[in-house]
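Taking it in order: structure first as structure tokens, then the write-up.
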Amino acid sequence: MIAAAVAGEARPRLLRPATDARGATRRGRTWLRTARPDDAGALEDLIGRHAAAARLLPRHADELAAHAARFVVAVGGQRIRGCAELAPLGPSLAEVRSFVVDHDERGRGTGRAMMHEVVRRGRHAGFTRLCAFSHAPGFFMHLGFSLVPHVWLPEKISLDCASCTAFRRCGQSPLLMPLTDRSANADRVGASTKHEDRG
């Protein structure tokens, strides 16, 4: 089972975790919390292992420490097993960045729980759209994202893509989810998984 969110924050509807003395919520063996600056080394290692397989862009520890508060991390056995960043691209648009679940944690709902929390935080921060770029778009589409052309996301192109050596050759699919329709998308992200997902 996955416990979700930091104490005091909204929790996914289908989970009822208990709060521990350190202020995080947990149930079973994996729990979610906001990353801390001292998690930067573990985040760099987790992301780096998947960057080597050409699935993620590498991130450096100093950058990760500076933006730690943007990250939701999944922790199990005293180890970070997954992470996802809510990265602002503009006043109304944010990106799910550096979304990864360790191999031995996949198929247990960890990725879905992290995405539920990222979507909730995006709404709370006032973003109206959430985008992602993925080699596995099916996972995101099951959560309510839609495939869109790159040109629908000019903020991302100007900020990151235009200066990337792999621009238009990276193989990643751009996806977009509106955050204004709470009912439809919340039901998809928070629903029980009827098939084993990659997260």
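The values are calculated or read from the model by the stated rules, or taken from the named source; none is laboratory data. Predicted model only: the values in this text are computed from it and were never measured. Positions of Cβ are generated from backbone atoms using ideal geometry, with glycine treated the same way; all protein chains shown enter the neighbour counts.
Below, the figures for the structure above:
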item: Any chance residue 61 is under 17 Å from the mean Cα position of the chain (by Cα) and at negative phi; result: no
item: Those residues of region 101-116 which are closer than 22 Å to residue 57 by Cβ and either within 9 Å of the chain's Cα centre (by Cα) or in contact (Cβ under 8 Å) with a residue 40 or more places away in the chain (or both), in sequence order; result: 101, 102, 105, 106, 110, 111, 114, 115
item: Leading residue by the ranking (surrounded by the most Cβ atoms within 10 Å (Cβ to Cβ)) among those in region 76-95 that are over 22 Å from residue 49 (Cβ atoms), in contact with a Phe, Trp or Tyr (Cβ under 7 Å, 6 or more places away or on another chain) and among the hydrophobic types (A, V, I, L, M, F, W, C); result: 94
item: In region 32-46, the residues that are touching a residue at least 40 places away in the same chain (Cβ under 8 Å) and either in contact with an Asp or Glu (Cβ under 8 Å, 6 or more places away or on another chain) or crowded, with 23+ Cβ neighbours inside 10 Å (or both); result: 32, 33, 35, 43, 46
item: Residue 56 being touching a strand residue (DSSP E or B) at 6+ places or on another chain (Cβ under 8 Å), not acidic (Asp, Glu) and not in a strand (DSSP E or B); result: yes
item: Scan of region 90-104 for residues that are in contact with a Leu (Cβ under 6 Å, 6 or more places away or on another chain) and either outside any strand (DSSP E or B) or of a type in the set (D, E, K, R) (or both), ordered by number; result: 95
item: Residue in region 45-64 that is modelled with the highest pLDDT, counting only those that are closer than 15 Å to residue 84 by Cβ and charged (D, E, K, R); result: 59
item: Residue in region 105-147 that is surrounded by the fewest Cβ atoms within 10 Å (Cβ to Cβ), counting only those that are among the basic types (Lys, Arg) and part of a loop (DSSP other than H, G, I, E, B); result: 106
item: Selected residue [at pLDDT 65 or above, over 21 Å from residue 69 (Cα atoms), of a type outside the set (Lys, Arg) and touching a strand residue (DSSP E or B) at 6+ places or on another chain (Cβ under 8 Å)] from 179, 175, 130; result: 175
item: Of all residues making up region 62-75, the number that are crowded, with 23+ Cβ neighbours inside 10 Å and in a helix (DSSP H, G or I); result: 1
item: Every residue from region 76-100 that is in contact (Cβ under 8 Å) with a residue 40 or more places away in the chain and over 14 Å from the mean Cα position of the chain (by Cα); result: 76, 77, 89, 90, 93
item: Restricting region 148-172 to residues that are surrounded by 12 or more Cβ atoms within 10 Å (Cβ to Cβ) and in a loop (DSSP other than H, G, I, E, B), the residue that is modelled with the lowest pLDDT; result: 167
